[in-house]
Amino acid sequence: MSRDSNISDETLLGYLLLALPDAEQWRIECLENSNPELRQRIQDLRDLLAPMNATLQTPEPSGKLTESTMAFINRSIQESNQSVGSVGSTVPQMTQPIFECNRSTRLAWIDSLVTLAAGVVILSILIPSVWRSRESARRISCASNLRELGHALSLFAYGNEENRLPGIEKSGPLSFAGVYAFRLKDAGLLDSSNWMWCPAVGGMDLGEEIPTLYTYLAGTPRQQRSWIYAAAGNYSYNLGNMVDGEYATPCINGRSHFAVLGDSLVPNSQNVESGAVHGANLANVLYEDGRIQTVQLHQKNSAIMLDNPYLNRDMQQAVGRDLNDACLGPSFQNPFKPVVLE
């Protein structure tokens, strides 16, 4: 069974309703364009939703809801006071009990409004705090994934004479950044496929184990496309360097400024700021010396950063222009097909 058939109807409904994270929306859109079977499933769901869209009416709330509510409360209080006055003139002995009853009703209204206002204030304080706590936990979990992958990459590099990281080919079926996951799998260094997925993206389900290179190369073109976009996860990998006019895979030299892995930005985004996955323009990046840093990316000054991990010296997401020019690219990217991020 192909990986495309493992996408649930619930996930496709989320795709149609634009309720999935950006990376997942983009992934399903790519699969839809290349997979007629998946495209037909999505069209069937669109047809099922069409009657609902035709009959759904969204009520427009009044722009003066608060004023209308307060006016209603004031009218109620005035009518209650007038009722107390009229009863008191005809039946004096009942004036005091009725007045006490209406005063209690008025106090109950005020208590309800105060309680409602207090609840709104408390929620406005708690909800952002809860969101920040959850985002912080996702960022820590993401850093843990990068640490595990960094350890596996180091073992791979120290296992060959030149201490080179897993290589990407210039052309052919192995010319995409995510091939590093296949090479780690073949070397027995990838213990869990969950390492490949950042928790902040959410909604991702690998559905199958990462294949070996032999399995990948023996697969159909359709299977290979699915593995390129899915099996290597949603982290960006170093796209390599040009050294003396030749394309080369980086060696491990313990450099503190040389990026090896990091969160993937939203593919094909023309805005670095919107591509960050951890909120507030933040992305986790693993450097060659094993350090994991949460980098803040800004659209306005991204082009003048001393070492933007997602841009080479030509301000492109492509192969590094020299030995020390590190640039990260998403799993599907070929080092020689640049994505310009302005």
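Values for this structure:
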{"item": "For Asp322: the one exception among (1) at pLDDT 90 or above; (2) closer than 28 Å to Thr212 by Cα", "result": "(2)"}
{"item": "Checking Asp111 against (1) at pLDDT 90 or above; (2) loosely packed, with under 11 Cβ neighbours inside 10 Å; (3) of a type in the set (Asp, Glu), the condition it does not meet", "result": "(1)"}
{"item": "First in segment 325-338 and in contact (Cβ under 8 Å) with a residue 12 or more places away in the chain, second anywhere and among the small types (Gly, Ala, Ser) and open to solvent by 10 Å² or more (accessible area, probe 1.4 Å), Cβ under 7 Å, 6 or more apart", "result": "Pro330/Ser264; Asn334/Ser175"}
{"item": "Helices (runs of 4 or more DSSP H) enclosed by segment 187-300 - at least 2 residues per element that are surrounded by fewer than 16 Cβ atoms within 10 Å (Cβ to Cβ) and at pLDDT 85 or above", "result": "213-218, 221-230"}
{"item": "Criterion violated by Met196 - all others in (1) in contact with a strand residue (DSSP E or B) (Cβ under 8 Å, 6 or more places away or on another chain); (2) over 27 Å from Ser34 (Cα atoms) satisfied", "result": "(2)"}
{"item": "Top-ranked residue in segment 1-16 [being at pLDDT below 75 and in a loop (DSSP other than H, G, I, E, B); ranked as farthest from Asn35 (Cα to Cα)]", "result": "Met1"}
{"item": "Matching residues in segment 169-185 - criterion: being in contact with a Phe, Trp or Tyr (Cβ under 8 Å, 6 or more places away or on another chain) and acidic (Asp, Glu)", "result": "none"}
{"item": "Residues that are within 23 Å of the chain's Cα centre (by Cα) and crowded, with 18+ Cβ neighbours inside 10 Å, drawn from segment 27-37", "result": "Arg27, Ile28, Leu31, Glu32"}
{"item": "Residue check for Tyr229: of a type in the set (Phe, Trp, Tyr) and touching a strand residue (DSSP E or B) at 6+ places or on another chain (Cβ under 8 Å)", "result": "no"}
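The values are calculated or read from the model by the stated rules, or taken from the named source; none is laboratory data. Model, not experiment: these values are computed from the prediction. Here the Cβ is made from the backbone with ideal geometry for all residues, glycine too, and neighbour counts use every protein chain on show. The protein model used for the area step is the full one, side chains on, heavy atoms only, and it has no ligands, DNA or RNA in it. Shrake-Rupley method; radii C 1.70, N 1.55, O 1.52, S 1.80 Å.
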